[in-house]
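Every read-out reported here was derived from the displayed coordinates using simple, explicitly stated rules and does not represent laboratory data. Everything numeric in this text was worked out from a predicted model, so none of it was measured. Neighbour counts run over all protein chains shown; Cβ positions are idealised from the backbone, glycine included.
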């Protein structure tokens, strides 16, 4: 069952599911964030990994070359045309055992040609969400730190997950920052 704003507020207060937590939607002068009717609008942090201009090579998830990206911090980020960046949320999540989070991009940025890609937040996963943000526009797009970037929609199951992300010792468990791709050579 998809959960509403009252459930989200209750879970955030009782289980520290989202931290920091905005118990209402903040909208004035910013791309909105905080509790919405059936989800939570997350903010983008002030650190961005931007594909370096003129970078050459291959982006390989098994041998990820962080040197292809420039790490930038600031109040905003100018994303090059037809490119992508990696970022993370301001909020840290602790997903309950019976809850799955599905993330979708915000319409304000979608109307600018920006697509966000975030994998589901599995039961008992915790950490900052790493986000891939794609600029499909032929023009640069400005992203604003500490403002909304995506919405998490929560789905609660009647039963706990048989095997949670924590049970699997997932490689992205408890990530503390913008986390690059990892491949576990022992698997």
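Relative to the longest principal axis of the Cα atoms of the chain, the long axis of helix 5-15 lies at roughly 90 degrees. Taking the stretch 91-119 and a reference point 7 angstrom along Cα→Cβ of residue 167, the backbone N atoms nearer than 20 Å belong to 94-102. Between residue 63 and residue 142, the modelled labels are 4.0 nm apart [label points 7 Å from Cα along Cα→Cβ]. Taking every C-alpha pair closer than 8 Å and separated by at least 6 residues, the mean separation divided by the residue count of the chain gives a relative contact order of 27 percent.
Each residue in 111, 43, 49 was given a count of other beta-carbon atoms within 10 angstrom of its own, and listing them fewest first yields 111, 49, 43.
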